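S.K.: The structure follows.
The values are calculated or read from the model by the stated rules, or taken from the named source; none is laboratory data. Because the structure is predicted, anything quoted here is derived from the model rather than measured. Neighbour counts run over all protein chains shown; Cβ positions are idealised from the backbone, glycine included. Accessible surface areas use protein heavy atoms only, side chains included; no ligands, DNA or RNA. Shrake-Rupley method; radii C 1.70, N 1.55, O 1.52, S 1.80 Å.
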Amino acid sequence: MQADGSVAAVSGDHSLNLGQYSRAAIERAGPLATGLPLASLAGRSIVARQVHALVRRLAWHGLLDYRLFSPRDAQDVVVIEPQVAEYWPEPAKLSNGDTLVLSRFAYLRRRGNEMVLESPRAGALFRIGDPAIAATLAALSRPQKISNLRRRAAALDIELLGLLLNGGMLIKLDPKHGDGLRLNEGDANLVLWDFHDLVFHTRSTEGRHSEPVGGAYAYAAAVPSLPALRPSWPGKSVSLDKFVSAAPASPFTRLLHARHSTRDFDDRNPVTLPELAQFLGTTARVLSEWKSGDDVGGGGEVTYTSRPYPAAGSAYELELYLAVSNCEGLARGFYHYDAGRHALVSLDASPEQIRALLAAAEFAMDASGPPQILITIAARFGRIAWKYSSIAYSLVLKDVGCMIQTFYLTAADMSLGGCAIGTSNIDLFARMTGLELHVEGPVGQFALGRSAQRPIPG
């Protein structure tokens, strides 16, 4: 309880105001510390409505777990841990005649002394407390009728199966046309994803898990940092200094040395639309297009482009989305860069979403303000996975590295400031674009603007 009568959730030095509630509502919500039955939220009384509002607000911020408790065994059968905002446990409706199979993206792993069931497609993970459930999941590696499952495990709760289905851990099959394999789960875009790629994509970005992201120094107390320079190998060395020319460095060499990260920008002197046009044209526009079918085994004709940076197999799967905060000549908003037409197309993202995107970049850079322009590098995953399968995501990341270095060199050449950003929120991007995370999603970000510091000569 706060001095003004409001309620706050507090963790360490961080506080989140949850609003004001009556004393009766606070008392009824007290069992949240150990377990408040969902039935307590039912009813139309003022107290019930207030408790429901408080619980929903906690859920919105990911501050609730959901326990399936067995009074008979006095233990948690399953604990559901939300991984995304807005998660709410709603069991899908099932009957004994339905056929279920485990999602090919679901996996069981040890976490500390617990067994957890996870999936990159799921909005929550399931902490498994009953070994019999793990055995049931193993049986669901093949399609199973619920009636058959319940005969094997009499205590199996159909509501738990409904929660697993709604949570993306299971899929329901058409018994006549479904074998539970790759083509039965999701759309054609999801068919192109291998398990390890989707897991890495969702766990190395923000938005689909609740673990800390960024410079958390999680292992500082366990092991020391590696030295900046690798210790030299023993053996004879060949010095290269004598081969270095004393002549002045070339313009390209000076450009490489001038490249640096800029985190603070001069908002009284923002980047201009002509400068942005030059930057995008130099780094990302389509230079040529062609078609080829010679290397495709019965797949038909394939189209290709050439652009200023290298890309694996000339796939050029990367797309640029610009959150514009301060650009002279261009309205604040969210834009897609059409590399073929060298044009910016305005997208219908809300001001709140744009603010959230820019604020996250400001926090990630530890900057004094938001970037003037935030470029989100997204990948059309199917474009490269169609050919490269199991190495697709690693190739995407290599292409992102090539593009970011191209951004840095161009910014230095134009006396602009730029900074690569190590995190991006794939869930926020999905809401802003309406694209599912497995269709097109962020794989990198770059802040661009006029540096608040004097540019480096050259």
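S.K.: May I have the convex hull volume per residue, in Å³, for the Cα set of the chain?
M.R.: Working: hull volume 109.7 nm³, N = 458.
Enclosed volume per residue, from the Cα hull, is 239 Å³.
S.K.: May I pose another question? Which aspartates and glutamates have a Cα less than 13 Å from the Cα of K291, not counting those fewer than 8 places away in the same chain?
M.R.: Cross-link targets: E301.
S.K.: Related question: Treating cross-link reach as a plain straight distance, find the lysines whose alpha-carbon is under 22 Å from the alpha-carbon of K398, omitting any fewer than eight places away in the same chain.
M.R.: The reachable lysines, counting only those whose Cα sits under 22 Å from K398, are K387.
S.K.: Å³ per residue of the Cα convex hull, for segment 210-294?
M.R.: Values: hull volume 36.7 nm³, N = 85.
In segment 210-294, the Cα hull volume divided by residue count equals 432 Å³.
S.K.: To continue, here is another question. Where does each of 278-291, 438-451 land if you order them by average Cβ count within 10 Å, highest first? Write down the numbers at each step before the final one.
M.R.: On the way: 278-291: 15.1, 438-451: 24.3.
Output ranking for 278-291, 438-451: 438-451, 278-291.
S.K.: Between L32 and F200, take the C-beta separation as r, use R0 = 30 Å, and let me know the FRET efficiency to the nearest 0.05. It would help to have the intermediate numbers written out before the result.
M.R.: Values: r = 35 Å, r/R0 = 1.16.
E between L32 and F200, to the nearest 0.05, is 0.30.
S.K.: Using every alpha carbon pair in segment 1-137, what percent of pairs falls into each 10 Å bin from 0 up to the bin containing the largest distance?
M.R.: 10, 34, 33, 18, 5, 0
S.K.: At a 1.4 Å probe radius, carbon and sulfur cover how many percent of the accessible area of the chain?
M.R.: Values: 13470 of 25270 Å².
Of the solvent-accessible surface of the chain, carbon and sulfur hold 53 percent.
S.K.: Provide the per residue accessible area, probe 1.4 Å, for segment 288-384, rounded to a whole number of square angstrom.
M.R.: In whole numbers, segment 288-384 has 45 Å² accessible per residue.
S.K.: Does segment 198-350 come out rounded, prolate or oblate, given a ≥ b ≥ c as the square roots of the eigenvalues of its C-alpha gyration tensor, rounded meaning a/c under 1.5 and, failing that, prolate meaning a/b above b/c?
M.R.: It comes out rounded by the Cα gyration axes.
S.K.: For M115, what accessible surface area do you get with a 1.4 Å probe? Give it in Å², rounded to 10.
M.R.: The accessible area of M115 comes to roughly 80 Å².
S.K.: With a 1.4 Å probe and every protein chain left in place, tell me how much accessible area K398 has, in Å² to the nearest 10.
M.R.: Counting only protein heavy atoms, the figure is 120 Å².
S.K.: Modelled label-to-label distance, S147 and R182, 7 Å Cα→beta-carbon offset: nm?
M.R.: About 3.4 nm separates the two model spin labels.
S.K.: Can you tell me which of 31-41, 368-378 comes out highest on packing, and rank the rest after it, using the mean Cβ neighbours within 10 Å? Don't skip to the answer; put the middle values down first.
M.R.: Working: 31-41: 11.7, 368-378: 23.2.
Descending mean neighbour count gives 368-378, 31-41.
S.K.: May I pose another question? Rounded to the nearest 10 Å², what accessible area does R127 have for a 1.4 Å probe in the complete protein model?
M.R.: For R127, solvent-accessible area is about 60 Å².
S.K.: For segment 385-446, I need the span (max minus min coordinate) of the C-alpha atoms along each principal axis, in Å, sorted largest to smallest.
M.R.: 37, 28, 15
S.K.: Per residue of the chain, what 222 nm ellipticity follows from adding -39500 (n - 2.57) for every DSSP H run with n ≥ 4, rounded to the nearest 500?
M.R.: Details: 13 runs with 132 residues, N = 458.
Rounded to the nearest 500, it is -8500 deg cm²/dmol.
S.K.: Moving on to the next point. Sort 6-15, 251-260 by the packing proxy (mean of other Cβ within 10 Å over each peptide's residues), most packed first.
M.R.: Working: 6-15: 10.1, 251-260: 13.5.
Order by mean packing, descending: 251-260, 6-15.
S.K.: Can I ask one more? Based only on the alpha carbon positions, what is the Kirkwood hydrodynamic radius of segment 172-219, in angstrom?
M.R.: Numbers: mean 1/r = 0.0741 Å⁻¹.
About 13.5 Å, per the Kirkwood formula over Cα pairs.
S.K.: If each of Q75 and H61 carries a label point 7 Å out from its Cα toward its Cβ, how far apart are those two points in nm?
M.R.: Distance between the two pseudo-spin positions: 3.4 nm.
S.K.: Write down the Å³ per residue value for the convex hull defined by the alpha carbon atoms of segment 71-111.
M.R.: Working: hull volume 6.9 nm³, N = 41.
So the per-residue hull volume is 168 Å³.
S.K.: Now for a different question. Test of understanding: what is the full-extension gain from H260 to V244, defined as 0.36 nm times their sequence separation minus their Cα-Cα distance? Spell out each step's value before the answer.
M.R.: Details: separation 16, 0.36 × 16 = 5.76 nm, distance 2.35 nm.
Between H260 and V244, full extension yields an extra 3.4 nm.
S.K.: I would also like to ask the following. Could you please state, rounded to a whole Å, how far the C-alpha centre of segment 1-75 is from the C-alpha centre of segment 176-235?
M.R.: With segment 1-75 and segment 176-235 each reduced to a Cα centre, they are spaced 33 Å.
S.K.: For K93, K242, write out the residues from largest to smallest accessible area, computed with a 1.4 angstrom probe and no ligands counted.
M.R.: Values: K93 185, K242 160 Å².
Result, largest first: K93, K242.
S.K.: When only alpha-carbon atoms are used, what values of Rg and Dmax, in angstrom, describe segment 190-255?
M.R.: 22.2, 56
S.K.: Taking Cα atoms of segment 113-152, Rg/Rh with Kirkwood Rh, to two decimals? Present the calculation step by step, with values, prior to reporting the outcome.
M.R.: Working: Rg = 11.6 Å, Rh = 11.5 Å.
Rg/Rh: 1.01.
S.K.: So the label point goes 7 Å from the Cα of I391 along Cα→C-beta, right? Which residues of segment 189-209 then have their backbone N under 18 Å from it?
M.R.: Correct set: 193-198.
S.K.: Report Rg(Cα)/(2.2 N^0.38 Å) for segment 349-458, keeping two decimals. Present the calculation step by step, with values, prior to reporting the outcome.
M.R.: Working: Rg = 15.3 Å, N = 110, 2.2 N^0.38 = 13.1 Å.
Normalised Rg, Cα atoms only: 1.16.
S.K.: Let me ask something additional. For T303, T433, write out the residues from largest to smallest accessible area, computed with a 1.4 angstrom probe and no ligands counted.
M.R.: Numbers: T303 75, T433 40 Å².
Result of the area sort, largest leading: T303, T433.
S.K.: Rounded to the nearest 0.05, what FRET efficiency is calculated for I158 and V286 with R0 set to 41 Å and r the Cβ-Cβ distance?
M.R.: On the way: r = 54 Å, r/R0 = 1.31.
Efficiency, from the Cβ-Cβ distance: 0.15.
S.K.: Using only the alpha carbons of segment 318-385, determine the length spanned along each of the three principal axes and report them from longest to shortest in whole angstroms.
M.R.: The Cα atoms of segment 318-385 stretch 37, 29, 18 Å along their principal axes.
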